[in-house]
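**Student:** Got a structure for you, questions after.
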Amino acid sequence: MDIQVNAQEKINSFMAGLKRRNPGETEFQQAVQEVVTHIIPFIEDKPLYQEMQILERLCEPDRVVIFRVCWEDDKGRIRTQRGYRVQHNNSIGPYKGGLRFHHSVNQSILKFLAFEQTFKNSLTGLPMGGAKGGSDFNPKDKSDNEVMRFCQSFMTELTRHIGQNKDVPAGDIGVGAREIGYLFGQHKRLSNEFTGILTGKGMEYGGSPIRVEATGYGAVYMMEEMLKLRNQQLEGKTCLISGSGNVAQYATEKCIQLGAKVVTMSDSSGFMHDPDGIDQEKLEYIVDLKTNRRGRISDFAKEYGVEFYPDKRPWGIPCDLAFPCATQNELNAEQATTLVKNGCMGVSEGANMPTDLEGIRIFQQANTLFAPSKAANAGGVAVSGLEMSQNSARITWKEEELQNLLQGIMQDIHESCVEYGRESKDRINYLKGANIAGFTKVANAMLAYGVV
Ligand code: NDP
Ligand code: 2IT
């Protein structure tokens, strides 16, 4: 009891200091809170971590680079955007993490993502540190030429900060195959070198098989592993998926392949409900609509005569399983309560931090299977790590090999969560497990380096 009170006081005091030093950065504060809630009690009886201020150091990014990005739009007007790269921690490998282009991007969001990435990358078992970057540039209403000019300007500065052994960015919201191509092309031109400085590249120029599919597939593999422990399987389950971008598309595909029924997808304008379930043909329509035609999910609802709910999220539809795959804080306590009430037995987070702190509490109280993003969506960066290995060796592995590696990595992550997160025979706190397993490897590397 005393130990618990003591730990709670330490958490409160730690968070008060963090909030003071990072004012207004609510997403960063939220991500840290989610982690220290488990790490502070874990290090209670480990004085070395405390003396060496490992947790304090882990909550301060190695550096935050902020830069101006100027570009010219199709009307000849000069536009000014802000670019970022948050290099959070490189104790176990080069900085690694995606780039996000979205009008909402700010320092708080990128610091939370880089912080999370450090734990996630550690969980994969591969040698990668944590980083994140991006810009408040919105590629959605821009022409291909505008996106190209923006990417070239962005890379002209970013190029100073990255390198195959230093920092290897990839995609995230608003950064897909098109943007990676423009970014890689500009880096190649500036450096006069062909090196693996980005992942998620096209197959013609150093990409890896199944990188596109990896995040969504991985989130479903994680769910499959959790269900197995309860003698359940995906087959026959009704699933809600939010988002309709890269992660949502391939989570849907894997659900379909494993015999589950996906009845919703969404975008920033609302969600559609297809009670018959999205089949492979409908999914192909959605992939083309969202990726190539850059359309809206409401267009799918019109085309297939299903209901579209403007400005709403899908969590009120009864389901067995939920996969939030759009963005942070898209699932709150009220929506979590509705999901539990409607019989939802599992949640696997394809997006980063989609469930807020209160929502997580509701799932944990109800003993809902809950795979937090740093574990559930780690398949994407894991295959990015494998892309780096292939680039270093200048070879491409076979697709089948990568499929097996991805599945194996997700199984290992699940096992680590169970090892560190088991609270009783039938209760596993996957968030606690992921936090402690992710922390331990990075922390021990930091101890080895001394005070740096
Ligand atoms: P995409 O840009 O391909 O798709 C994003 C999807 O989310 C779109 O449907 C978009 O709708 C929707 N969305 C974005 N912002 C909002 C918002 N504020 N409110 C409602 N909907 C929104 O991105 P990804 O699929 O790559 O990324 C989705 C999530 O997965 C993010 O949290 C990302 O960090 C995470 N992730 C991605 C990985 C990857 O490999 N790509 C790896 C691990 C995690 P619209 O079309 O209207 O913009
Ligand atoms: O959040 C993430 O893990 C990603 N956007 C993928 C990062 C990567 O380097 O592949």
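**Student:** Of these, Phe101, Phe67, Phe42, which one is more than 30 Å from Asp136 (Cα to Cα), open to solvent by less than 50 Å² (accessible area, probe 1.4 Å) and in contact (Cβ under 8 Å) with a residue 40 or more places away in the chain?
**Tutor:** Phe42
**Student:** I'd like the residue in the range 162-179 that is under 17 Å from the mean Cα position of the chain (by Cα) and crowded, with 19+ Cβ neighbours inside 10 Å and, out of all such residues, is farthest from ligand 2 (Cβ to nearest atom).
**Tutor:** For the range 162-179, the residue satisfying everything is Gly174.
**Student:** List the number of the failed condition for Glu349; all other conditions in (1) within 11 Å of ligand 1 (Cβ to nearest atom); (2) farther than 21 Å from Lys140 by Cβ; (3) free of Cβ contacts under 8 Å to residues at least 24 places away in the same chain; (4) not hydrophobic (A, V, I, L, M, F, W, C) hold.
**Tutor:** Result: Glu349 passes all but (3).
**Student:** Are any residues in the range 364-402 in contact with a Ser or Thr (Cβ under 7 Å, 6 or more places away or on another chain), assigned to a helix (DSSP H, G or I) and either among the hydrophobic types (A, V, I, L, M, F, W, C) or away from ligand 1 (no atom under 16 Å from the Cβ) (or both), and if so, which ones?
**Tutor:** Ala376, Ala378, Val381, Ala382, Val383, Leu386, Met388, Gln390, Leu402
**Student:** If I filter the range 352-370 down to residues being in contact (Cβ under 8 Å) with a residue 40 or more places away in the chain, surrounded by fewer than 21 Cβ atoms within 10 Å (Cβ to Cβ) and under 21 Å from Phe28 (Cβ atoms), which single residue comes out as farthest from the chain's Cα centre (by Cα)?
**Tutor:** So, considering only residues that are in contact (Cβ under 8 Å) with a residue 40 or more places away in the chain, surrounded by fewer than 21 Cβ atoms within 10 Å (Cβ to Cβ) and under 21 Å from Phe28 (Cβ atoms), the one farthest from the chain's Cα centre (by Cα) is Leu357.
**Student:** Would you mention how many residues in the range 190-240 are outside any loop (DSSP other than H, G, I, E, B) and of a type in the set (Val, Ile, Thr)?
**Tutor:** Residues in the range 190-240 being outside any loop (DSSP other than H, G, I, E, B) and of a type in the set (Val, Ile, Thr): 4 in total.
**Student:** Considering only residues of the range 248-266 that are more than 14 Å from Lys282 (Cα to Cα) and open to solvent by 30 Å² or more (accessible area, probe 1.4 Å), which is farthest from ligand 1 (Cβ to nearest atom)?
**Tutor:** Among them, the one singled out is Gly259.
**Student:** With respect to the numbered conditions (1) open to solvent by 30 Å² or more (accessible area, probe 1.4 Å); (2) free of Cβ contacts under 8 Å to residues at least 40 places away in the same chain; (3) more than 16 Å from ligand 1 (Cβ to nearest atom), which one is the sole condition not fulfilled by Gly125?
**Tutor:** Single failed check for Gly125: (2).
**Student:** Now for a different question. Could you list, ordered by first residue, the pairs with Cβ atoms under 7 Å in which the first is in the range 222-244 and at negative phi and at pLDDT 95 or above and the second is of a type in the set (Ser, Thr, Tyr) and open to solvent by less than 50 Å² (accessible area, probe 1.4 Å), at least 6 apart or interchain?
**Tutor:** Within 7 Å, the pairs are Met222/Ser348; Met223/Ser348; Leu240/Thr264; Ile241/Thr252; Ile241/Thr264; Ser242/Ser266; Ser244/Ser266.
Here's the yes/no breakdown for (1) of a type in the set (Asp, Glu); (2) under 23 Å from Asn292 (Cβ atoms); (3) away from ligand 1 (no atom under 11 Å from the Cβ):
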site	(1), (2), (3)
Gly97	no, no, no
Phe115	no, no, yes
Gly130	no, no, yes
Arg149	no, yes, yes
Lys166	no, no, yes
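**Student:** OK, next. I'm told Trp397 meets every condition in (1) in contact (Cβ under 8 Å) with a residue 60 or more places away in the chain; (2) surrounded by 21 or more Cβ atoms within 10 Å (Cβ to Cβ); (3) aromatic (Phe, Trp, Tyr) except one. Can you identify the failing condition by its number?
**Tutor:** The one condition Trp397 does not meet is (2).
**Student:** Looking only at the range 180-237, filter to residues that are among the polar types (S, T, N, Q) and under 20 Å from the mean Cα position of the chain (by Cα); which one of those is nearest to ligand 2 (Cβ to nearest atom)?
**Tutor:** Within the range 180-237, the match that is nearest to ligand 2 (Cβ to nearest atom) is Thr199.
**Student:** Could I ask something else about it? Mind counting the residues in the range 282-307 that are over 27 Å from Ile180 (Cα atoms) and open to solvent by 50 Å² or more (accessible area, probe 1.4 Å)?
**Tutor:** 5
The values are calculated or read from the model by the stated rules, or taken from the named source; none is laboratory data. None of these values were measured; they are calculated from a predicted model. Note that we place each Cβ from the backbone using ideal geometry, even for glycine, and neighbour counts take in every protein chain shown. Ligands, DNA and RNA are stripped out before the accessible areas are found, and what is left, the full protein with its side chains, is counted by its heavy atoms. Shrake-Rupley method; radii C 1.70, N 1.55, O 1.52, S 1.80 Å.
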